[in-house]
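Everything on this sheet refers to the single structure shown next.
The values are calculated or read from the model by the stated rules, or taken from the named source; none is laboratory data. Just so it is clear, the model here is predicted, and its values are computed rather than measured. Because the Cβ atoms are built from the backbone with ideal geometry, glycine has one as well, and the counts that use them run over all protein chains shown. Side chains included, ligands, DNA and RNA excluded: accessible areas come from the protein's heavy atoms. Shrake-Rupley method; radii C 1.70, N 1.55, O 1.52, S 1.80 Å.
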Amino acid sequence: MEVSETLKKAWSAVENAGLPDKIHEIAFREAVRLLAPAPIGAAAPATAASQVSGQTEKSGSPGGGMAGSGGSIGDTSKIVEDESILLDKVAQHTNVPRGRVDELVHLDGGVLKVSIPGIRLGKSNADKTRAIAQILTIVRGFGLDEDETSLELVRAEAQRLKCYDSANFSSQVKALNGYLITGNGANRRIRAKAAGIAAFPALVDSLLGES
């Protein structure tokens with residue numbers, strides 16, 4: 001598909017969706033990524049797919065944001081991206097104010113962690129786990145140019161925040177609207193779709209209180 005045709009179809013999809021003007025840019029990027037991830041990612045790295053779809057990078061690669069070599073970004077490697085840059089990117093591409101992103105997550109020894117206490121993430125362990133999954137997926141997606149996030153990272157953070165339910169973890173995450181789960185076993189990944197990205201600012205407001 002020609003690049004111009006892809007862009008036209010993506011914009012038409014955004015217009016027909018009837019979304020608020022403030023999220024048109026985000027929705028357009030997602031639409032382009034879904035229509036033509038490879039050509040657009042290569043031809044226009046500063047637009048569309050490039051902000052949410054990074055491929056596996058080796059140590060020292062520009063924009064990789066991770067240390068280590070081989071494997072998928074973000075599984076076990078430490079994050080080497082500067083925290084301020086990471087948070088700036090998330091704020092820029094989600095329309096969440098930078099100060100709110102500061103309250104949401106932080107880096108601790110190269111590991112991305114949710115800054116909100118577990119008790120404030122939801123009424124049930126299921127709600128808390130889904131909040132963690134959304135936060136890590138969106139922040140890593142935009143902040144680290146990560147195409148998909150390992151569910152093992154979500155599991156580890158749920159354990160740290162004492163809301164992990166081993167028997168129901170998979171079903172809790174699968175119930176998320178606006179997110180896609182792929183893979184099997186320890187190789188499962190979660191990716192945000194347009195609806196999940198569009199809903200992220202409201203999630204942040206609900207967790208941190210209306211701004």
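For the full complex of protein chains and a 1.4 angstrom probe, list 86, 161 by accessible area with the highest value first.
Putting 86, 161 in descending order of accessible area: 161, 86.
Counting only residues 5 or more places away or on other chains, whose amide H sits under 5 Å from the amide H of residue 193 once H atoms are built in the peptide plane?
Here the answer is 179, 180, since their amide H atoms fall under 5 Å of that of residue 193.
Please give the net charge around residue 122, taking every other residue with its beta carbon less than 13 angstrom from that of residue 122, where Lys and Arg add +1 and Asp and Glu add -1.
Here the count lands on +3.
As an exercise, use a Förster radius of 25 Å and the Cβ-Cβ distance of residue 5 and residue 193 to find the FRET efficiency, rounded to the nearest 0.05.
On the way: r = 22 Å, r/R0 = 0.88.
With a Förster radius of 25 Å, E is 0.70.
What do you get for trypsin sites (Lys or Arg not before Pro) in the range 119-197 restricted to DSSP loop and a cutoff of at most 13 other Cβ within 10 Å of the site's Cβ?
123, 162
Return the subset of 89/113; 113/193; 89/174; 78/174 for which the Cα-Cα distance in this structure is over 25 Å, preserving the input order. Mind dumping the intermediate values first?
Values: 89/113 17 Å; 113/193 22 Å; 89/174 27 Å; 78/174 27 Å.
With Cα atoms farther than 25 Å apart: 89/174; 78/174.
Hey, with R₀ at 22 Å, roughly what FRET efficiency would residue 95 and residue 177 work out to, going by the Cβ-Cβ distance, to 0.05?
0.70
Give me the one-decimal nm value for the distance between modelled label points at residue 115 and residue 82, 7 Å along each residue's Cα-to-Cβ direction.
The two pseudo-label positions are separated by 1.8 nm.
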